[in-house]
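Remarks on the structure that follows.
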Amino acid sequence: MSAALRITGLSAGYSGFRILDGLDLDLAAGRITAIVGSNGAGKSTLLRSLAGLLPRGGQAMVDGRVLPPGSATAAVRAGLILVAEGRHLFPRMTVLENLQLGGWLLARPERAARLERALALFPRLGERRNQLAGSMSGGEQQMVALARALVGRPRLLMLDEPSLGLAPRLVDEVMTLVRRIRDEDVTVLLVEQNVAKALAIADDALVLERGRLVASGPAAELLRSSLVRAAYLGGRR
Ligand SMILES: Nc1ncnc2c1ncn2[C@@H]1O[C@H](COP(=O)(O)OP(=O)(O)OP(=O)(O)O)[C@@H](O)[C@H]1O
Ligand SMILES: [Mg+2]
């Protein structure tokens with residue numbers, strides 16, 4: 001099993017306050033790995049530091065190549081693409097324009113090809129391509145954010161709470177899309193508050209508590225574990 005991402009001794013935090021300290025982690029290629037953990041555990045900090053949006057220490061290797069820290073451009077070039085919490089679309093631009101921006105680092109023909117593929121995966125966005133992104137519903141905006149990330153040719157797609165604020169039916173739709181993205185040969189790192197749904201679609205899972213990995217393994221196993229059931233699924237330990 002090849003590691004799409006190998007992290008050794010990763011540390012990150014905010015103005016001298018260390019949230020992650022010496023984190024080691026291997027992500028298997030072509031799989032969905034879910035990260036669960038309480039509020040403030042450091043999940044977003046991990047994703048943001050990998051995306052080059054926060055300074056970090058330690059080493060991260062993507063497909064065997066060292067990723068320089070602190071550079072969002074280097075991260076995108078290496079295929080690490082983050083869909084941050086809150087979607088961050090350009091509301092006054094159309095759906096199509098938002099999607100095109102996802103391919104900012106690609107040559108024009110490739111960008112066009114990626115755009116076609118993303119629209120094939122999200123047919124509803126094709127119908128709405130000329131609508132302003134800001135006038136789409138919350139669920140539709142989440143679809144635009146996912147599709148935009150796909151246009152950027154991710155090798156590792158990092159999703160920070162893609163189901164936040166969505167109705168249950170739409171949560172299921174997003175989860176189905178995440179699986180379909182994985183089936184396009186993209187490795188997925190999925191941070192979710194919706195633990196039951198995330199673990200139901202993930203292949204592997206990690207539990208992060210106060211900056212430390214306290215459990216990891218096949219998602220189906222963690223879903224049954226007393227630690228996860230007690231802490232995240234309202235069950236008894
Ligand atoms: N910009 C910031 N400046 C200072 N501290 C921050 C900043 N962002 C996050 N933190 C702190 O870092 C810790 C980890 O935050 P992080 O956002 O990574 O948690 P999280 O696991 O994503 O939580 P949630 O589930 O609530 O999204 C928290 O204690 C938080 O208060
Ligand atoms: Mg977070």
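Side notes on the structure shown:
- Near pairs, Cβ below 6 angstrom, 6+ apart or cross-chain, from the range 143-162 (more than 12 Å from LEU115 (Cα to Cα)) to any residue that is β-branched (Val, Ile, Thr) and within 16 Å of ligand 1 (Cβ to nearest atom): ALA145/VAL83; LEU159/VAL83; ASP160/VAL191; GLU161/VAL191
- Top-ranked residue of the range 125-139 - restricted to ones that are assigned to a helix (DSSP H, G or I) and modelled with pLDDT of 90 or more, ranked as farthest from GLY79 (Cα to Cα): SER135
- Across the range 19-42, the number of residues qualifying as away from ligand 1 (no atom under 12 Å from the Cβ), crowded, with 23+ Cβ neighbours inside 10 Å and part of a loop (DSSP other than H, G, I, E, B) comes to 0.
- Some residue of the range 69-81 being of a type in the set (D, E, K, R), more than 16 Å from ligand 2 (Cβ to nearest atom) and modelled with pLDDT under 95: yes
- Tally, over the range 13-23, of residues that are free of Cβ contacts under 8 Å to residues at least 24 places away in the same chain and not hydroxyl-bearing (Ser, Thr, Tyr): 2
- Selection count, the range 191-206, where residues are in a strand (DSSP E or B) and more than 13 Å from ligand 1 (Cβ to nearest atom): 2
- Condition met for VAL191 (under 28 Å from GLY13 (Cα atoms) and surrounded by fewer than 15 Cβ atoms within 10 Å (Cβ to Cβ)): no
- Note on the range 94-116: residues that are more than 16 Å from ASN130 (Cβ to Cβ), part of a helix (DSSP H, G or I) and under 19 Å from the mean Cα position of the chain (by Cα) amount to 1.
- Any hit, the range 187-196, residues being away from ligand 2 (no atom under 16 Å from the Cβ) and charged (D, E, K, R): no
- Number of the condition not met by THR45 [criteria: (1) within 16 Å of ligand 2 (Cβ to nearest atom); (2) surrounded by fewer than 20 Cβ atoms within 10 Å (Cβ to Cβ); (3) among the hydroxyl-bearing types (Ser, Thr, Tyr); (4) within 19 Å of the chain's Cα centre (by Cα)]: (2)
- Any hit, the range 212-226, residues being in contact with a Ser or Thr (Cβ under 8 Å, 6 or more places away or on another chain) and within 16 Å of ligand 1 (Cβ to nearest atom): yes
- Any hit, the range 121-131, residues being more than 16 Å from ligand 1 (Cβ to nearest atom) and acidic (Asp, Glu): yes
- All conditions in (1) more than 28 Å from ASP26 (Cβ to Cβ); (2) in contact (Cβ under 8 Å) with a residue 12 or more places away in the chain hold for PRO168, with the sole exception of (2).
- Unmet requirement for LEU159, which otherwise passes all of (1) within 16 Å of ligand 2 (Cβ to nearest atom); (2) touching a strand residue (DSSP E or B) at 6+ places or on another chain (Cβ under 6 Å); (3) part of a helix (DSSP H, G or I): (3)
The values are calculated or read from the model by the stated rules, or taken from the named source; none is laboratory data. Because the structure is predicted, anything quoted here is derived from the model rather than measured. Ideal geometry is used to build each Cβ from the backbone, glycine not excepted, and the neighbour counts take in all protein chains shown.
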